[in-house]
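Engineer: After the structure tokens below, expect a handful of questions from me.
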Amino acid sequence: MRCWTIIGCFLCFAFAEPVLSQVEGAQDETAPYGFSLLRQNDEINLKEDEPKSFYQNIKQLQLSDKTTLSFGGSYRFQTEGFVNEQFSNEEDQNDYWFLNRFQVHSHLKVSDRFELFAELNSSLIASKDEVSPVEKDELSLNQIFIRYHFDENWNVLVGRQNMRLGSGRLIDIREGPNVRLSFDMAQLQYSNSKTKITGFYAVPVQLEEGIFDNDALNFKESLMALYWTQNWNSKTNTDIYALYKEEENKTWDSGTADDNRLSIGLRHFGTWKKFRYNNEFVYQTGSFGDQNISAWTASFNIEHPWALLGEDGVIGIKTEAISGDSSNTDGNLNTFDGLYPRGAYFGRVARFGPSNLIDVHPYIETSLGPISIELDYVAFWRFSRQDGVYSPPLILEYPSINDNRFIGHQIGTIAGLEVNNFIALELETNLIFPSDFLVESGLDDTLFHTVLTAEIKF
């Protein structure tokens, strides 16, 4: 851990000086590079007739008239702490730990036809006794793929990739935890100015803690998909999709069996007057052992600009219903599978995941000078009293041992500062007050969580 911390400090000094000159002017509009969440989508626009810094000279190499090779990466340091992590002070559940993630990549582009992208990852954790698979991966290939563009509309991708579909509700890169989610896949894409259609077959990479030891092409779990995004006009967009997932030995509250399910979804998003909306409905069918699957979710999100404390801000509300199993003996499974959702589904506190849940989630976003601020509140209920409560990885965390529905209240805050184009800081805190379901399960103490993040991109 000390090694990565020293590297992080070095990078801060290495990149602070050229960036500070940009902060004084129009930062976003004039930056010669734009960093994306998925780094293969970075935009690099270095003009040949302008003087370049040392960093810019090595950022992108012009190998020939139509061939470029670019480099980049990121370092993320987090310190995370819990008080009463499992809602009980009867055991020692007060702890804090340190997470470090270093990623470095290269991107070769040839004649607007061929791309080769490779990204190494090292994710480490210190001061924690029980480490989950998404917290430690000493060294691995996070991404490595080739993409060939047949023409301006069609391309094919083969290899390992992080992926986010739509709003990331069902397929996300899992940015909250220390280790991202990767898929080994073959993908065919079509796109024009208003339409994007993606079809693929993918196998999630099974994580191990060591060096280049992740389990590739483990067909105990796989995903096939067809995903269509359409821009109908400047204010209205839709996603229509079908996702088919097969998973062996999946555990729900009703038992353990092979889970094979088809998810059919519709997302409607855009603007209406000054409102922004993002609504989604998903229905699932298939089989769980000898049971039939019939599950669904409906999510609604609407927000409106709001000037608070003299700054531009947003006030919004999210709410969703996510089905749970209504009976263990009726031959049907109604528990919704969130597939591969973001690890921080309701904040990085990550106590509850998208199965058997009803939630109401109002929030406010604003800023104080350079500091962005988000305040939110979430109330959680079980959708079905006969089903348990699941963690974000969709592991049964709190079995159904009483008939109470109300799970608890969560209050969260996030304060963020973009120091410059390279460096960002963020502090998140969460309080969860357990209610009837948890209290009757013997879990009646308030949970406190905090995480401080510093990230450098280059």
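Engineer: Are any residues in region 198-212 surrounded by 16 or more Cβ atoms within 10 Å (Cβ to Cβ), aliphatic (A, V, I, L, M) and either modelled with pLDDT of 95 or more or in contact with a Leu (Cβ under 7 Å, 6 or more places away or on another chain) (or both), and if so, which ones?
Structural biologist: Passing the criteria: ALA202, VAL203, VAL205.
Engineer: Okay, next question. If a residue must be in contact (Cβ under 8 Å) with a residue 24 or more places away in the chain and either out of contact with any helix residue (DSSP H, G or I) (no Cβ under 9 Å at 6 or more places or on another chain) or assigned to a loop (DSSP other than H, G, I, E, B) (or both), how many such residues does region 39-62 contain?
Structural biologist: Summing the residues that are in contact (Cβ under 8 Å) with a residue 24 or more places away in the chain and either out of contact with any helix residue (DSSP H, G or I) (no Cβ under 9 Å at 6 or more places or on another chain) or assigned to a loop (DSSP other than H, G, I, E, B) (or both) in region 39-62 gives 5.
Engineer: Any idea which of VAL131, VAL104 is among the aliphatic types (A, V, I, L, M), surrounded by fewer than 20 Cβ atoms within 10 Å (Cβ to Cβ) and closer than 22 Å to GLY353 by Cα?
Structural biologist: On the way: VAL104 fails: closer than 22 Å to GLY353 by Cα.
Every option except VAL131 fails the conditions.
Conditions tested, residue by residue: (1) within 18 Å of the chain's Cα centre (by Cα); (2) in contact (Cβ under 8 Å) with a residue 60 or more places away in the chain; (3) more than 20 Å from ARG174 (Cβ to Cβ).
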residue: PHE71; (1), (2), (3): no, no, yes
residue: ARG76; (1), (2), (3): yes, yes, no
residue: GLY81; (1), (2), (3): no, yes, yes
residue: GLN86; (1), (2), (3): no, yes, yes
residue: ASP95; (1), (2), (3): no, no, yes
residue: HIS107; (1), (2), (3): no, yes, yes
residue: LEU116; (1), (2), (3): no, no, yes
residue: GLU135; (1), (2), (3): yes, no, no
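Engineer: Hey, among GLN78, GLN86, GLN103, which residue is at pLDDT below 95, touching a Leu at 6+ places or on another chain (Cβ under 9 Å) and among the polar types (S, T, N, Q)?
Structural biologist: Numbers: GLN78 fails: at pLDDT below 95; GLN103 fails: at pLDDT below 95.
None of the others qualify; the one that does is GLN86.
Engineer: Filter region 329-360 for residues that are under 16 Å from the mean Cα position of the chain (by Cα) and of a type in the set (Phe, Trp, Tyr); which is nearest to LEU262 (Cα to Cα)?
Structural biologist: Among residues in region 329-360 that are under 16 Å from the mean Cα position of the chain (by Cα) and of a type in the set (Phe, Trp, Tyr), the one nearest to LEU262 (Cα to Cα) is TYR340.
Engineer: Report, by residue number, each residue of region 232-249 that is among the basic types (Lys, Arg) and touching a residue at least 40 places away in the same chain (Cβ under 8 Å).
Structural biologist: LYS245
Engineer: Moving on. Which numbered condition in (1) surrounded by fewer than 16 Cβ atoms within 10 Å (Cβ to Cβ); (2) in a strand (DSSP E or B) is the only one that GLY316 fails?
Structural biologist: (1)
Engineer: Please go through region 205-252 and pick out each residue that is over 22 Å from the mean Cα position of the chain (by Cα) and closer than 18 Å to GLU280 by Cβ.
Structural biologist: The answer is GLN230, ASN231, TRP232, LYS235, THR236.
Engineer: Further, regarding this structure: Which numbered condition trips up LYS128, out of (1) more than 17 Å from ASP215 (Cα to Cα); (2) assigned to a strand (DSSP E or B); (3) over 16 Å from the mean Cα position of the chain (by Cα)?
Structural biologist: Condition (2) is where LYS128 drops out.
Engineer: Listed residues GLU428, GLU397; which is farther than 23 Å from PHE300 by Cβ, among the acidic types (Asp, Glu) and at pLDDT 95 or above?
Structural biologist: GLU428
Engineer: Which one is nearest to ILE317 (Cα to Cα), of the residues in region 377-406 that are within 26 Å of the chain's Cα centre (by Cα) and small (Gly, Ala, Ser)?
Structural biologist: Restricting to residues being within 26 Å of the chain's Cα centre (by Cα) and small (Gly, Ala, Ser), the top hit is ALA379.
Engineer: For region 341-352, state whether one or more residues are touching a residue at least 60 places away in the same chain (Cβ under 8 Å), more than 23 Å from GLY265 (Cα to Cα) and surrounded by fewer than 18 Cβ atoms within 10 Å (Cβ to Cβ).
Structural biologist: no
The values are calculated or read from the model by the stated rules, or taken from the named source; none is laboratory data. Bear in mind that the values here come from a model prediction, so they are computed numbers and not experimental data. Every residue, glycine among them, receives a Cβ derived from its backbone with ideal geometry; neighbour counts consider all protein chains shown.
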